[in-house]
Amino acid sequence: MTSQTYTIVNPTGFHVRPIKDFVKKASEFPCKIYVTSKGKRVNGKSSLSMLTLGIAQNEEVLLETEGEQEQEAQETLGKLLTEIHE
């Protein structure tokens, strides 16, 4: 299992569009993916679960990946968490 903390820099937080992109990319990996924010841990492959986190700008999230291709998933998804989305 790999885990790393990321800070959300997007001015509007991690809202519908970036979550859609994140979940789409996460679903391409065979490993388990979890995102934790404010003490709540959810499945990173579920848009609805991700939306319940209500992640705002400058909040930290923990990304955990476990299983096949976990390192590649961590790197790819970590970049999505720290990008600015329109």
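Below, the figures for the structure above:
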{"item": "Loop-resident sites, the range 3-68, for trypsin sites (Lys or Arg not before Pro), counting at most 13 other Cβ within 10 Å (DSSP)", "result": "38"}
{"item": "Centroid-to-centroid separation of the range 1-64 and the range 67-86 [C-alpha atoms, Å]", "result": "9 Å"}
{"item": "Cα long-axis angle, helix 70-81 against the chain (0 to 90 degrees, to the nearest 10)", "result": "10 degrees"}
{"item": "Qualifying aspartates and glutamates (Cα of each under 17 Å from Cα of residue 40; at least 8 residues distant if same chain)", "result": "59, 60, 64"}
{"item": "Percent accessible area from carbon and sulfur atoms, the chain, protein chains only, probe 1.4 Å", "result": "48 percent"}
{"item": "For the range 24-34, Karplus couplings with θ = phi - 60° (6.51, -1.76, 1.60), whole Hz, Gly/Pro x", "result": "4, 5, 4, 5, 7, 9, x, 7, 7, 9, 10"}
{"item": "62, 48, reordered so the largest accessible area comes first (probe 1.4 Å)", "result": "48, 62"}
{"item": "Cα shape, the range 2-81, gyration tensor, a/c 1.5 rule", "result": "prolate"}
{"item": "³J(HN,Hα) computed for each position of the range 54-67 - Karplus, 6.51 cos²θ - 1.76 cosθ + 1.60, integer Hz, glycine/proline x", "result": "x, 6, 9, 4, 6, 7, 9, 10, 9, 9, 10, 10, 9, x"}
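The values are calculated or read from the model by the stated rules, or taken from the named source; none is laboratory data. It should be emphasised that the depicted structure is a prediction, and the values quoted were computed from it without experimental measurement. We place every Cβ from the backbone using ideal geometry, glycine too, and count neighbours over all the protein chains shown. Remember, those area values only see protein heavy atoms, side chains included, never the ligands or the DNA or RNA. Shrake-Rupley method; radii C 1.70, N 1.55, O 1.52, S 1.80 Å.
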